[in-house]
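Here is the structure we will look at, set down as structure tokens.
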């Protein structure tokens, strides 16, 4: 199928962009986040695409990075999440925030996306948590640190601390960063959930 479209941005409106590739205009469905980062009309643009084929439709979904495309492909493997649901989630969450939310079991943040209910959000965290952690090229915060390296091989205490912070109402991304910072400064606390939570709470203030 079509891996990407690379051409001139002909027009753009909410949820859709038309890219002129050598005189052929491609309609590409995009997220709100992608729309906010698109270049101006008449400028060149490259969108990495997913092709959704149905009996009565041939639809392209486009992203400015392979990272977003790969997360989109993961999201739509979850039962009940179609391409539109995947776009909705990526419209309200950055790739890093999405990964943090899934790892932390933060279904509350996921359910903020239009059309994503509580049960569906919980299903996403349940089904994708291990897949996200196992993805070797997954990065945290653009710092070049893999998810496995950030959490460690025995990550139960760290995950529990992050989940506890999220339950207290903190943003999943901030919670993950606070726990990472504590573990980096106090390696001995890595296996003590209570101590991790106490120190991470101090970082949050």
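Some values worked out for this structure:
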read-out: Identity of the residue in the stretch 131-156, modelled with pLDDT under 80 and in a helix (DSSP H, G or I), that ends up farthest from the chain's Cα centre (by Cα); value: 156
read-out: Residue within the stretch 36-44 that is assigned to a strand (DSSP E or B) and not assigned by TED's automatic domain parsing to the domain that holds residue 173 present; value: yes
read-out: Which listed residue is in a helix (DSSP H, G or I), in the same structural domain as residue 158 (by TED's automatic domain parsing), surrounded by 15 or more Cβ atoms within 10 Å (Cβ to Cβ) and modelled with pLDDT under 90, from 89, 124, 102; value: 102
read-out: Residue within the stretch 14-24 that is at negative phi, part of a helix (DSSP H, G or I) and under 22 Å from the mean Cα position of the chain (by Cα) present; value: no
read-out: Residues that are touching a residue at least 40 places away in the same chain (Cβ under 8 Å) and under 14 Å from residue 100 (Cβ atoms), drawn from the stretch 116-134; value: 124, 128, 132
read-out: Hey, residue 199 closer than 15 Å to residue 100 by Cβ and either in the same structural domain as residue 112 (by TED's automatic domain parsing) or not in a loop (DSSP other than H, G, I, E, B) (or both) or not; value: no
read-out: Boolean, residue 34 is buried (at least 20 other Cβ atoms within 10 Å of the Cβ), touching a strand residue (DSSP E or B) at 6+ places or on another chain (Cβ under 7 Å) and either within 19 Å of residue 92 (Cβ to Cβ) or modelled with pLDDT under 95 (or both); value: yes
read-out: Condition check for residue 177: in a helix (DSSP H, G or I), under 19 Å from residue 93 (Cβ atoms) and modelled with pLDDT under 85; value: yes
read-out: Single match in 107, 11, 94, 33 (criterion: within 18 Å of residue 172 (Cβ to Cβ) and not assigned by TED's automatic domain parsing to the domain that holds residue 129); value: 33
read-out: Residues of the stretch 12-31 that turn out to be within 23 Å of residue 86 (Cα to Cα), touching a residue at least 12 places away in the same chain (Cβ under 8 Å) and out of contact with any helix residue (DSSP H, G or I) (no Cβ under 8 Å at 6 or more places or on another chain), as a count; value: 5
read-out: Of all residues in the stretch 46-75 being assigned to a loop (DSSP other than H, G, I, E, B) and in contact (Cβ under 8 Å) with a residue 24 or more places away in the chain, the one that is surrounded by the most Cβ atoms within 10 Å (Cβ to Cβ); value: 64
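The values are calculated or read from the model by the stated rules, or taken from the named source; none is laboratory data. Since the structure is predicted, the reported quantities are computational estimates derived from the model, not experimental observations. Cβ atoms come from the backbone with ideal geometry, glycine included; neighbour counts cover every protein chain shown.
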